[in-house]
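What follows is a set of notes on a single structure, which appears directly below.
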Amino acid sequence: MSSKSVIVERVFDADKAMVWKTLKEKELMKQWYFGVEEFKTVIGFKFEFWGGEKGAKQWKHLCVITEVIPEKKLTYSWKYEGYSGMSYVTFELFEAENGTKLKLTHTGIDTFPADIPELAIHNFEKGWKQAINVSLKALLES
């Protein structure tokens, strides 16, 4: 297992079914995550999207669903077209006193080329914190 991982946890004032829905429905994903053209929570399903800082290099993300436990866990691989390295993103949902706890874990970041500043772990930390703590929170608690 990789030594460099990003973990973001947050409790949302929403039930598990609603949080799960935001992780698997492409129209909801576009509101807090990335603009995926197709997305299915089926093991082996491949999806891709473009992402990166506005006005900077855009990166083509290539992903494959590797684990699905409805309303509990979703994992997929995450790599970049034309670059070495493979990482994994896992979303886990838990019952919480005031709603649903989401735990995001992104492992394998250190498999990406170390000489590319955009692929440094602090950029993943910043991006995931923004996505979970700001964008997803706004969607779920609006």
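Any idea which of 21, 57, 79 is touching a helix residue (DSSP H, G or I) at 6+ places or on another chain (Cβ under 7 Å), under 22 Å from residue 116 (Cα atoms) and not β-branched (Val, Ile, Thr)?
None of the other options fit; the residue is 57.
Of all residues being in a helix (DSSP H, G or I) and among the aliphatic types (A, V, I, L, M) in the range 1-57, which is surrounded by the fewest Cβ atoms within 10 Å (Cβ to Cβ)? Just the residue, please.
So the residue we want is 17.
Here's a check for you: in the range 86-126, which residue that is small (Gly, Ala, Ser) and free of Cβ contacts under 8 Å to residues at least 40 places away in the same chain is nearest to residue 74 (Cα to Cα)?
So, considering only residues that are small (Gly, Ala, Ser) and free of Cβ contacts under 8 Å to residues at least 40 places away in the same chain, the one nearest to residue 74 (Cα to Cα) is 120.
Run down 129, 103 and say which single residue is in a helix (DSSP H, G or I), farther than 15 Å from residue 21 by Cα and either among the basic types (Lys, Arg) or touching a Pro at 6+ places or on another chain (Cβ under 8 Å) (or both).
Criteria check complete, one pass: 129.
Out of curiosity, is residue 5 among the small types (Gly, Ala, Ser), in contact (Cβ under 8 Å) with a residue 40 or more places away in the chain and in contact with a strand residue (DSSP E or B) (Cβ under 7 Å, 6 or more places away or on another chain)?
Yes: the conditions hold for residue 5.
No value in this document is a laboratory result; all are computed from the given coordinates. Computed from a prediction, not measured in an experiment: that's the story for all the values here. Note that we place each Cβ from the backbone using ideal geometry, even for glycine, and neighbour counts take in every protein chain shown.
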